[in-house]
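The values are calculated or read from the model by the stated rules, or taken from the named source; none is laboratory data. Quick caveat, the model's predicted, so the values are computed rather than measured. FYI the Cβ positions are ideal-geometry reconstructions off the backbone, even for glycines, and counts take in every protein chain you see.
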Amino acid sequence: MRAFPSPLRWAGYFGGCLALLGALAASGCGSSSDGSGPGATDESVERRLTLLGRLYTQYATTIGEGQEPSANGFKEFLKKQAKDGAEGVSLDKLMTSPRDNQPFGINALKKDQLPGGGGVPAGNLVIAYEQKGQNGKRFVCMASGDTQELDEAVAKKMGAK
């Protein structure tokens, strides 16, 4: 028989989702002045990638037993969370780099590749990344939660495709 998480765990899970979705709205993903284009700030890219990294970790650690995370599953998770309580949040804006106007790439890391997953330390594995970036540099969000701007070659070496 499959054991279900305690009600306290579920309450913490949904509370965390709502808090993260509130952060989406506060970060400008629901506003019309999103800071995209050539004048986009590095800070707006960093904020989006950091939030995507946190949401991915939350998604990957809460899916059912025997299931492994996937990029499509993550997108469905985001859609469901937005539908469940974040009015004015644009997932398209969240999932798009304001510097190069390309969707962020997502690496489907396995549960044991995430911090606390029991596998190999994954601090330097890339979860989300800019597809093109700007001036030969791309922002990446790593499994450790750090978001950094890296040289194109270094970003690719670390897992940005």
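Pull out all pairs, ordered by first then second residue, where Cβ-Cβ is under 6 Å, the residues are six or more apart or on different chains, the first lies in the range 80-95 and is basic (Lys, Arg), and the second is modelled with pLDDT under 65.
Taking only residues 6 or more apart or on different chains, the pairs are 93/29; 93/34.
Conditions: (1) over 14 Å from the mean Cα position of the chain (by Cα); (2) in contact (Cβ under 8 Å) with a residue 60 or more places away in the chain; (3) on the phi > 0 side of the Ramachandran plot. Residue 149 meets all but one. Number of the miss?
Result: residue 149 fails condition (3) only.
Is it the case that residue 87 is at pLDDT 85 or above and acidic (Asp, Glu)?
In short, no.
Table: residues versus (1) touching an Asp or Glu at 6+ places or on another chain (Cβ under 7 Å); (2) surrounded by fewer than 16 Cβ atoms within 10 Å (Cβ to Cβ); (3) modelled with pLDDT of 95 or more.
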| site | (1), (2), (3) |
| --- | --- |
| 96 | no, no, no |
| 110 | yes, yes, no |
| 113 | no, no, no |
| 117 | no, no, no |
| 139 | yes, no, yes |
